[in-house]
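Each remark here refers to the structure printed beneath this line.
The values are calculated or read from the model by the stated rules, or taken from the named source; none is laboratory data. Worth saying up front: this structure is predicted, and the values here are computed from it rather than measured. So basically every Cβ, Gly included, is an ideal-geometry build from the backbone, and we count neighbours across all protein chains shown. Accessible surface areas use protein heavy atoms only, side chains included; no ligands, DNA or RNA. Shrake-Rupley method; radii C 1.70, N 1.55, O 1.52, S 1.80 Å.
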Amino acid sequence: MLYFSKEGELINTESGNLYYKKAMQILDHWNFGKTEFEIKTSGSTGIPKTIQLKKKSIQASIEMTKTAFDLYDGHLFFCCLNIENIAGLMMLLRSQQLKGELMLVEPSSNPFEKLGNLDYLFSDNRGRNIFAFVPLQLQKLLENEKYVQILKTAKTILVGGAAINTKLRAKIAELYLPVYETYGMTETISHIAIKNIRLEEDSFKTLEGVEIKVNDGGCLMIKSPTTDFEWITTNDIVEIIDDKTFKLFGRFDNIINSGGVKIQLEEIERRIEENFKIESRYFCFGIPDEKLGQKLVLIVESKEKPISKEQLSTILSKFEVPKEIYFVEKFSETSSSKVDKRKTIDEILNS
């Protein structure tokens with residue numbers, strides 16, 4: 001674990017750890033004048049690419065976050081996301097730009113395990129702790145009452161990288177945790193919109209300075225200080241509620257054409273979630289098929305078989321029922337802890 005106090009005190013529990021050395025190098029670059037930072041996109045839906053981010057654009061993102069969550073000097077930023085991807089990098093740099101404290105642990109499904117006897121720092125900073133997780137991490141932490149008590153010290157908990165499922169939403173609301181689902185991407189330098197899960201909001205609200213619209217295909221377009229005030233087009237299908245609010249339905253590239261029937265993969269996943277209690281992670285995908293062009297399949301991360309095509313046929317039309325269900329022990333993941341759908345599918349098809 002790596003800890004920086006606002007007074008400049010450094011605690012490094014693994015001085016030889018290459019991950020922590022990389023973090024310190026990034027912090028040195030930030031504090032001593034580097035003007036551009038290289039970062040990789042997540043690669044969850046395609047081939048990862050490397051882009052250059054300007055320091056002034058990163059600072060604009062930090063200021064937008066500061067305004068949205070009323071941040072000020074002295075907050076403790078807990079980073080357990082990969083610092084080579086945008087979400088982890090931004091947690092590092094927010095701590096520096098906002099003159100806060102930083103606690104860094106290597107990414108894992110249970111990031112509080114590595115705190116050792118330093119968890120008292122969260123109690124000392126109650127109401128000033130800023131956490132950021134992917135949904136899988138938060139779900140794991142909520143299974144342990146000790147960790148729940150740490151989460152209750154938070155001012156803000158950011159959750160992104162994947163959708164928050166119904167069960168997790170209900171638990172957040174029950175505990176009244178200050179959790180915000182985030183919307184953003186590497187190209188927008190982290191989140192440009194948020195959704196308050198504690199208040200059970202169902203739409204994203206943009207941060208200050210962000211403009212939105214849709215293109216002819218119904219995909220979201222974004223202009224903000226973090227994009228140098230240029231419009232960028234996403235692959236996300238949305239409904240614009242007003243100039244600051246939108247609902248997200250899924251990705252344009254997650255629509256498959258199976259035998260002439262267009263199927264939105266996220267819609268099938270949503271209906272499965274609403275009707276069945278599958279504890280494991282799962283996702284739908286379209287794979288090549290000689291007869292249909294693409295066929296719908298369901299992939300479940302489980303040794304057991306918690307769902308069948310017969311059960312799915314009770315809630316889905318015959319065109320929407322997956323042609324195959326694959327059960328795998330462990331999904332492949334990207335460096336940012338997202339499910340690597342393409343790699344998982346390739347491993348299944350090539351096994």
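For every other residue with a beta carbon closer than 10 angstrom to the beta carbon of residue 228, add +1 if it is Lys or Arg and -1 if Asp or Glu, then tell me the sum. Computed value for this residue: +2. Taking square-rooted eigenvalues a ≥ b ≥ c of the alpha carbon gyration tensor, is the chain rounded, prolate or oblate, where a/c under 1.5 means rounded and, failing that, a/b exceeding b/c means prolate? Prolate. Calculate how steeply helix 166-175 sits against the longest principal axis of the alpha-carbon atoms of the chain, using the helix alpha-carbon long axis, and give the answer as 0 to 90 degrees to the nearest 10. The angle comes out at about 40 degrees. Rounded to the nearest 10 degrees, the inclination of helix 18-31 to the longest alpha-carbon principal axis of the chain is 60 degrees. Using the 1.4 Å probe convention, the accessible area of the stretch 48-198 works out to 37 Å² per residue with neighbouring protein chains retained.
Based on the alpha-carbon gyration tensor of the stretch 1-155 and its eigenvalue square roots a ≥ b ≥ c, which shape applies: rounded if a/c is under 1.5, prolate if not and a/b is larger than b/c, or oblate? Rounded shape, in that the Cα axes give a/c under 1.5.
Taking the Cα centre of the stretch 30-105 as origin and charging only Cβ (+1 Lys, Arg; -1 Asp, Glu), how large is the dipole, in debye to the nearest 20?
240
Near residue 22: Cβ cut-off under 13 Å, other residues only, Lys/Arg at +1 and Asp/Glu at -1. The net charge is -4. Among the GluC sites (Glu not before Pro) in the stretch 300-334, those located in a DSSP loop and surrounded by at most 10 other Cβ atoms within 10 Å of their own Cβ are 304, 329. About the centre of its Cα atoms, the stretch 108-163 shows a dipole size close to 180 debye [charges on the beta carbon of Lys, Arg (+1) and Asp, Glu (-1) only; nearest 20 debye]. Can you give the charge dipole size of the chain about its Cα centre, rounded to the nearest 20 debye, using +1 on the beta carbon of Lys and Arg and -1 on the beta carbon of Asp and Glu? I would put it at about 120 debye. In a DSSP loop and with at most 14 other Cβ atoms within 10 Å, the GluC sites (Glu not before Pro) in the stretch 1-104 are 7, 9, 14.
Relative to the longest principal axis of the Cα atoms of the chain, helix 55-69 runs at roughly 80 degrees. Looking at the chain alone, DSSP beta bridges between its own residues are antiparallel in about 70 percent of cases. In terms of its alpha-carbon gyration tensor, the stretch 274-314 comes out prolate; a/c meets the 1.5 threshold, and the first ratio a/b outweighs b/c. Taking the charge dipole of the chain about its Cα centre, with +1 at Lys and Arg Cβ atoms and -1 at Asp and Glu Cβ atoms, the residue from 89, 15, 127 reaching farthest to the positive side is 15.
As an exercise, identify the chymotrypsin sites (Phe, Trp or Tyr not before Pro) in the stretch 1-89 lying in DSSP coil whose Cβ has no more than 12 other Cβ atoms within 10 Å.
32, 72
Within the same chain, lysines fewer than 8 places from residue 318 are excluded, and of the rest, those with a Cα less than 18 Å from its Cα are 262, 291, 295, 309. Would you work out which of 137, 222, 189 lies farthest towards the positive end of the dipole of the chain? Charges go on Cβ: Lys and Arg +1, Asp and Glu -1. Highest projection toward the positive end goes to 137.
Rounded to the nearest 5, what is the percent of antiparallel bridges among the DSSP beta bridges in the stretch 148-229?
80
Of the accessible area of the chain, computed with a 1.4 Å probe over protein heavy atoms only, carbon and sulfur atoms account for 47 percent. Each of 339, 41, 1 was scored by the projection of its Cα onto the charge dipole of the chain, and the greatest displacement toward the positive side belongs to 1; charges sit on the C-beta of Lys, Arg, Asp and Glu.
Reported to the nearest whole Å, the Cα centre-to-centre distance from the stretch 315-336 to the stretch 191-212 is 29.
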